[in-house]
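Beneath this line is the structure, given in structure tokens, with notes to follow.
Just so it is clear, none of the values below were taken in a lab; they were calculated from the coordinates. Keep in mind that what you see is a predicted model, and the values were worked out from it rather than measured. Cβ: placed from backbone, ideal geometry, glycine included. Neighbour counts: every protein chain shown.
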Amino acid sequence: MTLRIVAPGLFTTVQDLGRPGLRHTGLSAGGAMDAYALRIANLLTGNSEGAAGLEMTLTGAEFIAEEAVLVAVCGAYMSPQVDGEEVPTWRPLWLARGARLRLGRATIGCRGYLAVAGGITVPPALGGRGTDVRAAIGGIAGRALASGDTLPCGGVAGSPWASAWAAALAAQARTAGRSWAAPPWWVPPAAYGGGDAPGGIVLRAMPGRESGQFSEAARSVLYREPYRVAPASDRMGCRLSGPMLERETRAELRSHGVAPGVVQVPPGGQPIVLTADCQTTGGYPCIAHVASSDLPLLAQAKPGDYIRFQPVTLAEAQELDRLAELSIRHAAVGLQGRLP
């Protein structure tokens, strides 16, 4: 079973939940920028949460289903259409053989995700199927997708839940005379709840390892003033523009380990929030660290959006992470009990 790429969009890659445990070798974990959206999309197609899917940035891709297939579209809203008819998101979506799925420009959020029943079964590389463009591994030859690429997919055979829904939705589509069908229910995107606050997306953050090297005024500015996402942002880091953050000491730092969520401050004073493909070490001071539960919100911040930081303690960040995981567990249990 394959999906054929008609148009790849701006930047579309195969992504899973990354390659943890290799940062000591210099290889970033990578994986989906918005892991929440990919995990839910996988659950909606009967996959394990870590199955490989597609990540689309700012502009979606266009596909042709070469066989009937069950998919799910989650994350940023990209006005998905099947054969010219708008289709719903955050739920299973059955496509007939030859159906054309097109995702357009992101009008809400930045990154959209497509999961396919059985996962995208490109060969694993170093324990993951996700694309690391800098290392040129994973996905399709370690690169973004291009027109004409075909993506192998596992199909519904491995999941009784997906098989049941595929059969029910196929019958529904035949009755309606359409090339697609979807159930009336959907999984609410709980991770985004409350994220779009007046004045910008709110990211909760803890003090960083070098926060004491910044004046109290600079730390106050970080948590008081909005910052705007710069166009140069990518999967390595979200670059922000706004009030300058001045470091009190000029001493150079030894290179040290960094991870997604770290808020670095280069000499220019404009913060950078490291993201999924960030380097494994860095020498810029870290003024804060975004809670991992809010990284999906950061993934959906597009150039021009405003971001505000809200201070939390380590204990509060750990509780936020626990609640985020709990919401996914609830979704997984609820879906297994929802049969056609």
What is region 196-324's relative contact order, in percent, from Cα pairs under 8 angstrom and six or more apart in sequence?
39
How much length is gained on full extension from Thr313 to Leu253, taking 0.36 nm per residue of separation minus their Cα-Cα distance?
19.1 nm
Of all the C-alpha pairs in region 2-187, what % are more than 22 Å from each other?
39
Relative contact order [Cα under 8 Å, 6+ residues apart], region 240-289, whole percent:
42
In deg cm²/dmol, rounded to 500, what helix-only [θ] at 222 nm does the chain give when every DSSP H run of at least 4 residues adds -39500 (n - 2.57) and the total is split over its residues?
-6000 deg cm²/dmol
Low-density loop positions, trypsin sites (Lys or Arg not before Pro), region 266-340 - DSSP coil, at most 15 other Cβ in 10 Å
Arg338
Say R0 is 30 Å: what FRET efficiency, to the nearest 0.05, do Ser241 and Leu126 get from their beta-carbon distance?
0.25
Using DSSP to define loop residues, name the trypsin sites (Lys or Arg not before Pro) in region 76-111 whose beta-carbon has at most 15 other beta-carbon atoms within 10 Å.
Arg97
The answer for trypsin sites (Lys or Arg not before Pro) in region 125-216 that fall in a DSSP coil and have at most 15 neighbouring Cβ atoms within 10 Å is Arg134
By counting other Cβ atoms within 10 Å of each Cβ, how are Glu85, Glu325 ranked from fewest to most?
Glu85, Glu325
Got the relative contact order for the chain handy, in percent, Cα pairs under 8 Å and 6 or more residues apart?
19
Positive-pole candidate from Cys278, Val202, Thr12, dipole of the chain, charges at beta carbon:
Thr12
Which helices of the chain meet both criteria: a Cα extent of 30 Å or more along the helical axis and a mean Kyte-Doolittle score no lower than -0.5, with helices taken as whole DSSP H segments?
314-336
Cβ-placed point charges (K, R +1; D, E -1), dipole of the chain about Cα centre in debye, nearest 20:
240
Ranking of Trp90, Trp165, Trp185, Trp180 by count of other Cβ atoms within 10 Å, fewest first
Trp185, Trp90, Trp180, Trp165
Ascending count of other beta-carbon atoms within 10 Å, so fewest first, for Thr313, Thr275
Thr313, Thr275
Compute the distance in nm between two label points, each set 7 Å from the Cα along the Cα-to-Cβ direction, one at Leu320 and one at Glu86.
3.2
Taking the dipole of the chain about the Cα centre (Lys, Arg +1; Asp, Glu -1; charges at Cβ), the one of Ala173, Ala61, Val116 that reaches farthest to the positive side is Ala173
